[in-house]
Every structure is written in C-alpha cells, then in structure tokens.
Amino acid sequence: MTSPPAPVLSLFLLFLLIAYPLCHAAAPLTEYCSYDKKASSAAKANIARVLATLQSNAPSNGFYTASYGTGSVDRAYGLAQCRQDVSVEDCRICLRDAPPQLSKRCKGQAEAWMWFDYCFVRYDTTPFTGKFDSGYGVYDYSEYNVTENVVEQRRFDRELRSLLGKVKTQAAARGNLGLGRDQTKFSSAVTIYALAQCTRDLPSQACSKCLSTEIGYFAQFCPQRKACRGLTSGCYLRYEIYPFFFPLSPGSPKASLAAEPLVSKVVSP
Ligand SMILES: *[C@@H]1O[C@H](CO)[C@@H](O)[C@H](O)[C@H]1NC(C)=O
C-alpha cells in the first residue's frame, strides 16, 4: 500500500480544518448582550442552569422555556426555539450549539439573545415570555438594488409590502407556531421570498406588533434592496430573491451570495 502524496494529505487536512467548525457550530446572525445590565453571582448561576436546561430539552421538540432561582433580581428566565420550517436534524444541531455560544459571548450579562439562521436563544433576569419588547433590533440589508429603474423600484416596494403583510398575518395566526412564509413573482427573472418567525411564546397580537415594527424599519432601510432581514428579541423577518426557507421546491436555484455584501444597522431604544 502506498500513502497519498504529501500535498494531497495537507490539502485534506486543510479542508478538515476549514470544514470542522462549519458543520459544528453555525455563527449567529446577530447577538444582543446587555452590557449595561450585569448579572449578580446568584443570577449567573441561575442563568447557567437555565442555559443548560435549554440545551438538553429544547432540541427534542424545537421549543422550550425554563426558569430557575428565587428573588426578583436573581431569578433567570430562558427560551430557545427553532424556525418552524427547518428540519428536526438542523433544529437539533442549532439548539445544541446555541446556548453555550450565548453564555460564552455574553458572559456576565443579565440579559442576552442570539438569532442564528435556524434557531433563537434568549435569557433574562426579568420575565419576558408572552410580551413584545420594542427595544433593540438589528437590520441587515443588501447594498444592491433589485433594479435601477425607478418605476420598477417603486413597484418592487409595493409588491414587497404586500408580501410582508401576508407573512405577518400568517405568523400571527393561531396554530401556525409563529411562522409565515410566502413568495411572489415580481418579474420573469425575479421572485421575492419572505419569511416571518415570531417566538412561540408571543400571543397573536404581540407577534403582529413585533413584525409590524420590523416592517416599519424595512421601509426605512430596505427599499428596492435585493435582501433584508430584521432581528429583534421577539421576531425574525427576512426576504431574499432566491429561495431560502423550507421546503425548498425541487430544482430551485441554490442560495447564492448575489445579495452580499450586507449593511448592518442597529436600532436601540
Ligand atoms: C439604488 O437606488 C436608489 C434609488 O433609486 C439610488 O439612489 C441608489 O444610488 C441606488 N444604489 C446603487 C448601489 O446603485
């Protein structure tokens, strides 16, 4: 038996080095850490327990809430969930990795959350479930316009507004577990795909309010852009001109990077 030549071997090792972190921990789309709100040492211990509980219990059904501790400042509350359209396996991987990443990147903070593409995780020392919070949000949008024709840009914005309204209504409807997704053909070459996902603890009205807030910022940041997404503590709203939510229709083009680079805007109260 002959061993493979050294360059082949080192290329293979390089590949492993690059591929390993990719299939083991996705990078968050965004994170929020409350740098001005530190956790007491008792709260830190409760937060650690909450995150460990989320990590062991959330992957099995894609949604879990937990709380630990006593007292009004030391008690910790947490929530973890997947986007409702992703597979059980993708959800499981995302929720296994998300809580440790959150605890590492927001160490010592009393409140924190992270959106990944497939899942969301959050904790706080004040109860938050069921309530819409209009605070911090991140908006990422493509630098590129869908078209440079101004009349077509306006038509795109109208079509987009109507599509976003539809996914918001779906997401807020009882029984949809916070998920809305739809698409609309803008031209022979361009189809717009949109997805909305509220956290499952939010009642219909709060989900709707959360998405309306994001739609408002979309109108400010994203007109005629090729892509845009909004991330807050209660909902995720995104559109692209390629299919990105599941189920992907057979033969649909692969997600492209055509909409990159993204510009990021932070909105805070
Ligand atoms: C996109 O369209 C807007 C509005 O028509 C225009 O002002 C802007 O310069 C365009 N941006 C690019 C990158 O072409």
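The values are calculated or read from the model by the stated rules, or taken from the named source; none is laboratory data. Everything numeric here is computed off the predicted structure, so don't read it as measured data. For neighbour counting, all protein chains shown are included, and Cβ atoms are generated from backbone atoms with ideal geometry for every residue, glycine included. SASA here: full protein model, heavy atoms, side chains in, ligands and nucleic acids out. Shrake-Rupley method; radii C 1.70, N 1.55, O 1.52, S 1.80 Å.
Mind checking which residues of region 175-186 are of a type outside the set (Asp, Glu) and open to solvent by 40 Å² or more (accessible area, probe 1.4 Å)?
Scanning region 175-186 gives Gly175, Asn176, Leu177, Arg181, Gln183, Lys185.
Of the conditions (1) open to solvent by 60 Å² or more (accessible area, probe 1.4 Å); (2) more than 30 Å from Lys226 (Cβ to Cβ), Glu143 clears all except one; give me its number.
Unmet condition: (2).
Inside region 247-260, can you point out the residues that are open to solvent by 30 Å² or more (accessible area, probe 1.4 Å) and either within 16 Å of the ligand (Cβ to nearest atom) or at pLDDT 95 or above (or both)?
Ala258, Glu260
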